[in-house]
Amino acid sequence: MTLASHLRRYGTLLGFAAMVVFFALNLPDTFLTARNLLNVTQQVSMLAVVAFTMTVVMAMGDFDLSVGAMASLAGVVAATLFVAGWPVGLAIAAALGAGVLAGLLNGVLVSVLGILPFVATLGTMTVFGGLAFVVSDGRTIFGRDIPASFSGFARSALEAGDLRIPALTLVAVAVLAVIWVVLEQTPYGRRLYAIGGNIEAARLAGTRVVKLRLLAFCFTGLGAAIAGLMYASRVASANPTQGDGLMLDAIACVFLGMTMSEEGEPRVLGTLLGVLLLGLLDNGLTQMNVDSYIREVLVGTIIILAVASGRLGVFSRR
Amino acid sequence: MRELKISGLDKSYGPARVLRGVDLGLRAGEVHALMGENGAGKSTLIKVLAGIVPADAMRLTVDGAEHRLVTPDDAAALGLRFVHQELNIVPSLSVAENILLSRRTPRRLGFAVDWRAMKQRAGEALARFGATHIDPGARAGSLSTGDRMLTVLAGLVAADDTAPSVFVMDEPTAALTHAEAERLFAVIRELQARGAAILYVSHRMGEVVEIADRVTVLRDGAVALSCAMSQTSKEGIIAAMTGRDVADAYPARQTEPGQGAVLDVRDLAAGPASGVSFTLRPGEIIGLAGLEGSGQSEILRAILGDMPCSGTVRHEGRAGPRSAADAWLSGIAYVPRERRREGLMLSRAISHNVVLPHLSRLSLAGLWSRPRAERAEAEARGREVRLKCESIGQSAGTLSGGNQQKVVFARAIAGAPRLALLDEPTRGVDVGARADIYGMIRTLSGQGTAVVMASSDLPELIGLSDRILILRAGRQAGIVPAQGLGPARLLAMIYGDASVEAAA
């Protein structure tokens, strides 16, 4: 392999390692500690869940811009039902159901009607965002309206010796495991990658393209709803825009992951690395008291650098 | 320019030698027809002339002086202009903008588009072809195909200051009506009278005989015939196009077709074809013959259940499949026409490409994939089709055309299909891989798989089929036994010069 193809394949990984070393040297006492790292996993858990399920649609070459709005909507639906006196379990189920329905709508628009995913989910993003305002009446639902058993979940943890593994981290790990199995170990996942490889060829080789795409968007809707509930539990409140920021970060994580896979395909373990990269960067910069605007500039630069290093191999082949 | 000559043109794609020592001379004021079956090398020759594909070896002279032709810019500088089958126009722009697309837009005040000058110049370019009926202000997308062709031609002569001296037209009449084609011929004569050379590529014998002064026939990448039109005839051209020895190249049938009907098609209409009826026994091979675009692909897609159609299709006594997924599940395998676009996931592993329709069967209860079983299956099928690859895990895009096609075949045979639908199974495949594919088709048929095969390679169709269904003018003209049929006679039947009924 040439230097360029090494860079293409491992550039992001090298950058990741360089970043960890940089923070470890500058924050010797606080960065590489079990407590801090576990804290990071909790901080990124919501983003992780959205990014993992986003990987499912991106494996087919599609993507979903409405995940942030779906997450907000799910949080608001659950909180509104708490206010209406629904039992916690039922309200959660309803919120997850709303996520699946929202995903189903995306799936119908993209897969059955054949609208470009960018356009379809841009539209539904606005619709779901608006619905979140309608459901919550534009207010933030907080305080005594949120049952303690719901908000307590995000504060709970699994005690393992003197380590506390946060419950939200465990949820993210569970979602990771499910998505890994689905994408890497089932015929369904293999077919999604086939669709991503060549949708026409996949259909002619007997893949039920319409149904599979529909289902994939439902996965992403469900993931967004789970993330929305995690968020609401963590801040013990729900407002109609709180999940919106997840979408761009989630897509960024999948892209970062793609630069690390052999064929440049979205793989869920690559996405995990993307999530950790963004999470550790955030954490380190916060500890070094770097302005959050600088963080935005850095994240954007890193994504461009990662993708550009992926193009290196292409140029050297010409 | 008096004469543009190329000689000793060689071109290989990997091991496949597509063009072998081709000589071609284009003279000013002459229409030169280039003919040959699909895969004979015509399109590669055009791509070399256009500077899209570099030749391995070629000497190009204009009036004796040597020139190089490596990039599209070289081609343009030599005065070569191309009219492709798919017309490159921007439908949303006006005719005038399309005509002047590659020129500097006429301006006012240095920045605003000078619409009046633009329309006037476009109008002048159109008038040179007597196409005064086209409004330069109309949207190009609203024009008929024939008028679009004239727009493209007007764009070519208006394009820049190098006088165009050679026009290369690739199947220009394929999408034209009779009247539009007549107008195009008038334009060609006009260009000819002004001293342009025209390389005219077409499958249509009638029009070639009518307008061409010289003809060159390619066969398997080499020149099989090159002479003045007056020195040859339709029959001579057909013989040169097909002149391969049919008997030797094709493995003989080892077993007789079985009894019963695997496939029963009644009065099927799909795409341009209608009135298609036939019954197919186990192990029997039926060939679909017709001019390109007569509906062969559509008939196969309709049987696959992937295309709306009327009429009835019954597969093993039941209603035909309603989708490609249904078809694969009920034991129908399909090899599509365009393997890169419709057949393969080029970025994915060979093994994944082979097992895609069989993932459920190779998994535990359809829920848990068994990569080892998938790999083993892909390797076994790969050996069966004599696939040449370093590893079954390498991506399909890294293989040569012939080996890519073998991957598609490995996929088809992996399910031990009862019926195989093959669309141009050897298109763009080198000679060695062809022989392997013929062997595979015979083996399939020997195992009792019924085969419907569309091919524009007539010797191949005759060599493999038991019966041949002839499509002519959008209808099934008849079904003839392949035994004892010659390619020339089959081609005559396709053109309608020989009666099908007499043969049946």
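Residue farthest toward the positive end of the dipole of the protein assembly as shown, with Cβ of Lys/Arg at +1 and Asp/Glu at -1: which of B:Thr398, B:Leu49, B:Val168?
So the residue we want is B:Thr398.
Within 10 Å of each candidate Cβ there may be at most 13 other Cβ atoms; applying that plus a DSSP loop requirement, which GluC sites (Glu not before Pro) in region B:50-112 survive?
Sites meeting the loop and neighbour criteria: B:Glu86.
Within 10 Å of each Cβ in B:319-328, how many Cβ atoms from other chains are there, averaged over the peptide?
3
Calculate the mean, over all residues of peptide B:367-377, of how many other protein chain Cβ atoms lie within 10 angstrom of the residue's Cβ.
Per residue, the average neighbour count from other chains is 2.
When Lys and Arg each count +1 and Asp and Glu each count -1, what net charge do the other residues less than 13 Å away from B:Ala420, Cβ to Cβ, add up to?
Values: positive: B:Arg411, B:Arg418, B:Arg442; negative: B:Glu284, B:Asp423.
Net charge in that neighbourhood comes out at +1.
At a 10 Å Cβ-Cβ cut-off, how would you order B:Cys389, B:Cys227, fewest neighbours first?
Fewest-to-most Cβ neighbours within 10 Å comes out as B:Cys227, B:Cys389.
In deg cm²/dmol, rounded to 500, what helix-only [θ] at 222 nm does chain B give when every DSSP H run of at least 4 residues adds -39500 (n - 2.57) and the total is split over its residues?
My calculation for chain B gives -9500 deg cm²/dmol from helical runs alone.
Which residues does the label zone of A:Ser156 cover in region A:164-182, counting backbone N under 14 Å from a point 7 Å along Cα→Cβ?
A:165-171, by backbone N distance to the label point.
Quick one: net charge around B:Val452, please, counting Lys, Arg +1 and Asp, Glu -1 for every other residue with C-beta under 15 Å from its C-beta.
After counting each charged neighbour, the total is -2.
What's the FRET efficiency of B:Arg372 with B:Asp56 using the Cβ-Cβ distance as r and R₀ = 30 Å, to the nearest 0.05?
The value I calculate is 0.10.
Could you give the size of the charge dipole of region B:32-71 about its Cα centre, using +1 on the Cβ of each K and R and -1 on the Cβ of each D and E, expressed in debye and rounded to the nearest 20?
Working: 4 positive and 4 negative charges, 19 e Å.
So the magnitude is around 80 debye.
Treat each spin label as a single point 7 Å out from the Cα along the C-beta direction, and report the A:Ala174 to A:Val88 distance in nm.
Using points 7 Å along Cα→Cβ, the separation is 1.4 nm.
Determine, from the Cβ-Cβ distance of B:Ala473 and B:Arg318 and an R0 of 35 Å, the FRET efficiency 1/(1 + (r/R0)^6), rounded to the nearest 0.05.
After rounding, the FRET efficiency stands at 0.60.
Tell me the net charge near B:Pro91. Cut-off is 12 Å between Cβ atoms, B:Pro91 excluded, with +1 for each Lys or Arg and -1 for each Asp or Glu.
+1
Rounded if a/c is under 1.5, else prolate if a/b beats b/c, else oblate: with a ≥ b ≥ c from the C-alpha gyration tensor eigenvalues square-rooted, which is chain A?
On the way: a/c = 1.84, a/b = 1.10, b/c = 1.67.
Judged from the Cα gyration tensor, chain A comes out oblate (a/c at least 1.5, b/c at or above a/b).
Give, in nm to one decimal, the length gained when the segment between B:Ser102 and B:Arg2 is fully stretched (0.36 nm per residue of separation minus the Cα-Cα distance).
Extra length available between B:Ser102 and B:Arg2 comes to 33.3 nm.
May I ask you to list the GluC sites (Glu not before Pro) in region A:203-306 that are in a DSSP loop and have at most 14 other Cβ atoms within 10 Å of their Cβ?
Values: sites: A:Glu262, A:Glu263, A:Glu296; in loops: A:Glu262, A:Glu263.
Sites meeting the loop and neighbour criteria: A:Glu262, A:Glu263.
What is the Cα centroid distance between region B:6-72 and region B:255-310, reported in whole angstrom?
38 Å
From the convex hull of the Cα coordinates of region B:3-242, what is the mean projected area in square nanometres? Kindly include the intermediate steps, with their values, before the conclusion.
Values: hull surface 54.6 nm².
If I average the Cα hull's projected area over directions, I get 13.6 nm².
Hey, what did region A:26-175 get for relative contact order, percent, Cα under 8 Å, at least 6 apart?
Relative contact order of region A:26-175: 33 percent.
What spacing in nm lies between the two simple spin-label points modelled at B:Ala77 and B:Cys227, each 7 Å away from Cα in the Cβ direction?
Going by the 7 Å Cα→Cβ label model, 3.9 nm.
By count of other Cβ within 10 Å, fewest leading, how are A:Ile226, B:Ile6 ordered?
B:Ile6, A:Ile226
Taking only complete DSSP H runs, can you tell me which helices of chain A stretch 20 Å or more along their own long axis by Cα positions and average at least -1.0 on the Kyte-Doolittle scale?
Helices passing the filter in chain A: A:3-26, A:34-59, A:67-83, A:88-107, A:117-136, A:167-185, A:209-235, A:268-287, A:292-317.
Shielding by partners for A:202-214, please: the mean number of other protein chain Cβ atoms within 10 Å of each residue's Cβ.
Partner-chain Cβ atoms within 10 Å, mean over residues of A:202-214: 6.
For region A:32-132, what class follows from the C-alpha gyration tensor (a ≥ b ≥ c being the square roots of its eigenvalues): rounded when a/c is under 1.5, otherwise prolate if a/b is larger than b/c, else oblate?
oblate
Working from the pairwise distances between different alpha carbons, so that the mean of 1/r is found and then inverted, what is region B:389-493's Kirkwood radius in Å?
15.1 Å
Could you give the dipole magnitude of the protein assembly as shown about its Cα centre, charging the beta-carbon of Lys and Arg +1 and that of Asp and Glu -1, in debye to the nearest 20? Don't skip to the end; give the middle numbers.
Numbers: 78 positive and 72 negative charges, 110 e Å.
Taking the Cα centre of the protein assembly as shown as origin, the dipole is about 520 debye.
Placing +1 at every Lys and Arg Cβ and -1 at every Asp and Glu Cβ, with all other atoms neutral, what dipole size does chain A have around its Cα centre, in debye to the nearest 20? Show your work: numbers first, answer last.
Numbers: 19 positive and 17 negative charges, 128 e Å.
Value, rounded to 20: 620 debye.
How would B:Ile238, A:Ile294 line up from fewest to most surrounding beta-carbon atoms within 10 angstrom?
Lowest count first: A:Ile294, B:Ile238.
Report the one residue of B:Leu359, B:Val201, B:Ser230 whose Cα lies farthest in the direction of the positive end of the charge dipole of chain B (charges on C-beta: Lys and Arg +1, Asp and Glu -1; origin at the Cα centre).
B:Leu359
Every read-out reported here was derived from the displayed coordinates using simple, explicitly stated rules and does not represent laboratory data. Keep in mind the model is a prediction, meaning the values are calculated, not measured. All Cβ positions, glycine included, derive from the backbone under ideal geometry; neighbour counts span all protein chains shown.
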